[in-house]
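K.L.:
Structure incoming, see below.
The values are calculated or read from the model by the stated rules, or taken from the named source; none is laboratory data. The model shown is predicted, which means the values in this text are computed figures rather than measured ones. Here the Cβ positions follow ideal geometry from the backbone for every residue, glycine too, while neighbour counts run over all protein chains shown. For accessibility, only protein heavy atoms count, side chains too; no ligands or nucleic acids. Shrake-Rupley method; radii C 1.70, N 1.55, O 1.52, S 1.80 Å.
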Amino acid sequence: MAMPPRPKRAPSFRDLSRAECEGMLARHNVGRLAYTFHDRVDVEPIGYVYADGALVFRTAPGSKVETLAHHPWVALEIDEVEGPFDWRSVVVRGTVYRLQETGNEAELRAYLAAVKSLRRLVPETFDEADPVPFRSVVMKLHIDGMTGRAARREGDHFV
């Protein structure tokens with residue numbers, strides 16, 4: 001079987017700056033959340049909002065929320081792909097916390113700020129026209145670390 005032709009221009013790779021990573025997180029609203037429980041790794045798409053240096057998202061009650069309550073360490077990845085050697089990728093690692101409207105004043109403020117951020121993505125969040133009312137759990141991903149990489153074919157300029 002014949003080998004596919006090699007690219008005419010070799011790709012180059014580089015790390016993204018923190019500002020570039022944050023810009024990507026702000027431009028996108030869907031990522032893949034990875035978390036573990038015992039010897040199993042799950043990866044699920046989630047809708048999120050990047051706000052105040054953290055990610056906030058909604059999910060439905062269930063096994064994911066229960067798992068995250070006991071094993072809150074996660075990673076989230078987003079990508080911008082234009083081709084096999086034209087892409088950017090950001091991975092954040094951190095800890096997720098459930099936000100609730102009950103509790104002390106600081107917890108209530110954090111919950112209300114998260115809901116306000118989520119309404120930038122879906123203005124009807126938690127009102128009568130909410131398209132996903134079953135997603136009643138609000139979570140915040142505190143970012144402990146963030147990395148990004150990019151690839152371009154030789155001769156193309158990074159933007």
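K.L.:
Expressed as a rounded percentage, what relative contact order does the range 83-159 have, with Cα pairs under 8 Å and six or more residues apart? Numbers along the way, then the final one.
P.N.:
Details: 85 pairs, mean separation 40.0, N = 77.
The value is 52 percent.
K.L.:
Computed over the Cα atoms, what is the radius of gyration of the range 18-73 divided by 2.2 N^0.38 Å, N being its residue count? Walk me through the numbers on the way to the answer.
P.N.:
Numbers: Rg = 12.7 Å, N = 56, 2.2 N^0.38 = 10.2 Å.
Compared with the compact-globule rule of thumb, the range 18-73 sits at 1.25.
K.L.:
So what are the ³J(HN,Hα) numbers for the range 84-89, from phi and the Karplus equation (6.51, -1.76, 1.60; θ = phi - 60°), rounded to whole Hz, Gly and Pro as x?
P.N.:
x, 10, 9, 7, 9, 9
K.L.:
Report, to the nearest whole %, how much of the accessible area of the chain belongs to carbon and sulfur atoms, 1.4 Å probe, protein only.
P.N.:
Looking at the chain in its full context, I get 55 percent from C and S.
K.L.:
What length, rounded to one decimal in nm, is gained on full extension from residue 81 through to residue 119, with 0.36 nm per residue of separation minus their alpha-carbon distance? Write down the numbers at each step before the final one.
P.N.:
Working: separation 38, 0.36 × 38 = 13.68 nm, distance 2.73 nm.
Contour length minus Cα-Cα distance gives 11.0 nm.
K.L.:
Kirkwood hydrodynamic radius, computed over distinct alpha-carbon pairs, for the range 1-105: how many Å, to one decimal?
P.N.:
With all distinct Cα pairs of the range 1-105 included, I get 16.3 Å.
K.L.:
Given the options 37, 2, 56, identify the residue whose Cα lies farthest towards the positive end of the charge dipole of the range 2-76 (+1 on Cβ of Lys, Arg; -1 on Cβ of Asp, Glu).
P.N.:
2
K.L.:
What full-extension length gain, to one decimal in nm, is calculated for residue 149 and residue 101 as 0.36 nm per residue of separation minus the Cα-Cα distance? Walk me through the numbers on the way to the answer.
P.N.:
Working: separation 48, 0.36 × 48 = 17.28 nm, distance 3.74 nm.
The span from residue 149 to residue 101 would gain 13.5 nm if fully extended.
K.L.:
Report the charge-dipole magnitude of the range 1-111 in Debye, nearest 20, computed about the Cα centre from +1 at each Lys and Arg Cβ and -1 at each Asp and Glu Cβ. Walk me through the numbers on the way to the answer.
P.N.:
Working: 14 positive and 16 negative charges, 96 e Å.
With Lys and Arg at +1 and Asp and Glu at -1, about 460 debye.
K.L.:
With every protein chain left in place, what is the accessible area per residue of the chain in square angstrom, probe 1.4 Å?
P.N.:
So the chain comes to 63 Å² accessible per residue, rounded to a whole number.
K.L.:
Label-point separation (nm) for residue 28 and residue 134, each offset 7 Å from Cα along Cα-to-Cβ?
P.N.:
Between residue 28 and residue 134, the label points sit 2.6 nm apart.
K.L.:
Using the Cα centre of the range 68-140 as the reference point, and only Cβ charges (+1 on K/R, -1 on D/E), how large is the resulting charge dipole? Debye, rounded to the nearest 20. Display every interim value, and only then the final one.
P.N.:
Working: 9 positive and 12 negative charges, 65 e Å.
So the dipole magnitude of the range 68-140 works out to roughly 320 debye.
K.L.:
Just in the range 1-55: which trypsin sites (Lys or Arg not before Pro) are loop by DSSP and have at most 14 other Cβ atoms within 10 Å? Write out the running numbers ahead of the final one.
P.N.:
Values: sites: 8, 9, 14, 18, 27, 32, 40; in loops: 8, 9.
Hits after loop and neighbour filter: 8, 9.
K.L.:
What per residue convex hull volume, in Å³, comes out for the range 72-159 when only alpha-carbon positions are used? Before the final figure, lay out the partial values.
P.N.:
Working: hull volume 13.0 nm³, N = 88.
Taking only Cα atoms, the range 72-159 has a hull volume of 148 Å³ per residue.
K.L.:
Amide H of residue 99 versus every other amide H placed in the peptide plane: which residues, excluding those fewer than 5 positions away on the same chain, fall under 5 Å?
P.N.:
Under 5 Å from the amide H of residue 99: 138, 139, 140.
K.L.:
Contact order normalised by length for the chain, with contacts defined as Cα pairs under 8 Å and 6 or more residues apart; what percent is it? Could the numbers behind the result be given before it?
P.N.:
On the way: 281 pairs, mean separation 51.4, N = 159.
RCO, the chain: 32 percent.
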